[in-house]
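Read the figures in this text as sums done on the coordinates, not as results from a lab. Since we're looking at a predicted model, the values are computed, not measured. Here the Cβ is made from the backbone with ideal geometry for all residues, glycine too, and neighbour counts use every protein chain on show.
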Amino acid sequence: MGAALLKILTLVQAGFELKAIVDTVREKEAGGATQKEISDYLDSLVDRVLQELRDAD
Amino acid sequence: MKKLLIAVFLGTSLAIGGCGGSLMVHQPSEQVERSPKQLATEALDQASASLAAIARALLNDYKAGAYTKQEKDKYTEEFVKAREYIRKGRLALEVGDIASAETQAKLTQNLIRIVQAELTKLKAKEEGVQ
């Protein structure tokens, strides 16, 4: 049950993570960031997380 | 307790909704009409944000012991494929191929949905639910 509960929490947590990312994007937009800058930010965020996933033992 | 978890789970699944759900990355603008290129860019941004979110959540929960290394590596491989779709979509936009960019965004969304479904199956299996 413990691991199963944690797996449910992964999906719940993904929702919270997405909300945090969206908030950051909206702050950047409000600060005048261009669409290209937003796209670059999001893609580099994905790259960083994927690298961390690869490196995790 | 179980019902509450299922409700939370369903709500969250709808929220992240494979990236095309209700939580839009860009602030919807009613006054400015957006070009097809802008819409395709936003679709790719939405896909990228969803991918970052689910990958970050998996990473955190792997560190907390919710997944084996084998499971983590399997999903990481799927996420790398999704990242490649986004990269191809961005390249397509650069050469003005809007349709291809939209297709890559959809492929990313579909892949994230598949991973979500697999996570759900894993959970059900561990709980012994048929």
**Message:** Starting from the 7 Å offset along Cα-to-Cβ, what nm value, one decimal, do you get for the label separation of residue B:70 and residue A:36?
**Reply:** 4.7
**Request:** Take the Cα of residue B:37, step 7 Å along the line toward its Cβ, and report every residue of region B:95-117 whose backbone nitrogen sits under 14 Å from that point.
**Result:** B:95-99, B:101
**Prompt:** How do A:44, B:50, B:100, A:39 line up, fewest other C-beta atoms within 10 Å first?
**Reply:** A:44, B:100, A:39, B:50
**Request:** Just the ratio, please: alpha-carbon radius of gyration of region B:50-130 over 2.2 N^0.38 Å, N its number of residues.
**Result:** 1.28
